[in-house]
1. Explain nothing, just compute: Karplus ³J(HN,Hα) = 6.51 cos²θ - 1.76 cosθ + 1.60, θ = phi - 60°, for every residue of the range 173-181 in order, whole Hz, x for Gly and Pro.
2. Report, in debye and to the nearest 20, how large the dipole of the chain comes out about its Cα centre when Lys and Arg carry +1 and Asp and Glu carry -1 on their Cβ.
3. Counting only Cα atoms, I'd like the Rg/Rh figure for the range 41-143, Kirkwood definition for Rh.
4. Averaging sequence separations of C-alpha pairs under 8 Å and six or more residues apart, then dividing by the length of the range 1-131, give the relative contact order as a whole percent.
5. Can you say what percent of the DSSP beta bridges in the chain, counting only those with both residues inside, are antiparallel? Round to 5.
6. Pairs of Cα atoms under 8 Å, at least six residues apart: use those to get the relative contact order of the range 127-221, whole percent.
7. Could you tell me, in Å, what Rg and Dmax come out for the Cα atoms of the range 113-221?
8. Can you tell me the relative contact order of the chain? Whole percent, Cα pairs under 8 Å, sequence separation 6 or more.
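None of the figures in this text is laboratory data; all of them are computed from the coordinates on show. In this text the structure is predicted, and so the values were computed from the model without any measurement. Neighbour counts are summed over all protein chains in view; Cβ atoms, including those assigned to glycine, are modelled from backbone coordinates with ideal geometry.
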Amino acid sequence: MQPHIPKDPDVPELNEIQINQLTNIVFLGSEITPCDAIFVFGGTHPGHWEATIDAYKKGLGKKIIVTGGVSPTGIKHEDWKDKIVPEAHVIVKKLLKADIPSNIIVYEDRSRNTLENVLFGKEVFDFNTIESLLIVCKAHGTGRQFRTLAKHLPLNIKYFTYGFESTFDGQTINRENWMHSSKGRSRVYGEYLRICFYGDRGDILRLEQKVEGLPNAAIAE
């Protein structure tokens with residue numbers, strides 16, 4: 001049976017140092033610069049295409065790599081209409097509707113998780129041709145998504161994030177406010193646990209230093 005890390009694990013008491021460390025690990029930095037390409041992680045949240053359109057219109061990427069099949073476990077966004085259409089198909093359709101040229105878009109539509117987003121993305125785009133990549137995903141997922149890309153793509157690539165905010169139970173989660181709500185704390189801590197687990201397993205770039213005083217596993221077999 002595959003290990004399961006809860007989306008909303010119980011969160012231990014966090015001190016200010018731990019909060020700052022979790023913020024930097026889970027959200028990464030905020031620097032943005034024009035890149036050679038934009039990598040769009042799969043998902044059903046409108047932010048996946050809205051942030052991509054916004055980034056392209058601002059001149060932040062020349063090529064767009066879209067990923068996403070049909071996740072067997074992911075919870076669909078409330079506005080997602082068709083449960084069996086690959087995520088990439090919907091995202092690409094939205095990009096084309098926003099007048100983004102089709103000849104700059106490539107996509108894969110088989111992936112079911114973050115690791116497959118990257119591995120299958122490599123089959124449709126030659127990452128040896130670029131030196132910089134803009135990452136589009138949920139803001140609190142940027143740390144794990146970056147580490148997945150960095151593990152499997154050429155070492156020379158520089159990464160920048162273009163994360164979008166998401167809301168759970170009416171609570172918006174971003175770099176500045178996650179620590180002020182129970183949902184924000186649990187989602188961010190869950191991401192930290194995933195980074196620890198998948199890094200130790202070798203799926204993503206491993207953390208050089210984990211947060212002192214925090215358990216780094218909450219996994220049910």
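1. 10, 9, 4, 7, 10, 4, 6, 9, 9
2. Computed about the Cα centre, the dipole is about 380 debye.
3. Numbers: Rg = 12.8 Å, Rh = 13.8 Å.
Reported Rg/Rh (Cα atoms, Kirkwood Rh): 0.93.
4. The normalised contact order for the range 1-131 reaches 25 percent.
5. Taking every DSSP beta bridge with both residues in the chain, the antiparallel ones total about 20 percent.
6. Numbers: 119 pairs, mean separation 25.6, N = 95.
Once normalised by length, the contact order is 27 percent.
7. For the range 113-221, the Cα-based Rg and Dmax read 14.9, 43 Å.
8. After rounding, I find 28 percent.
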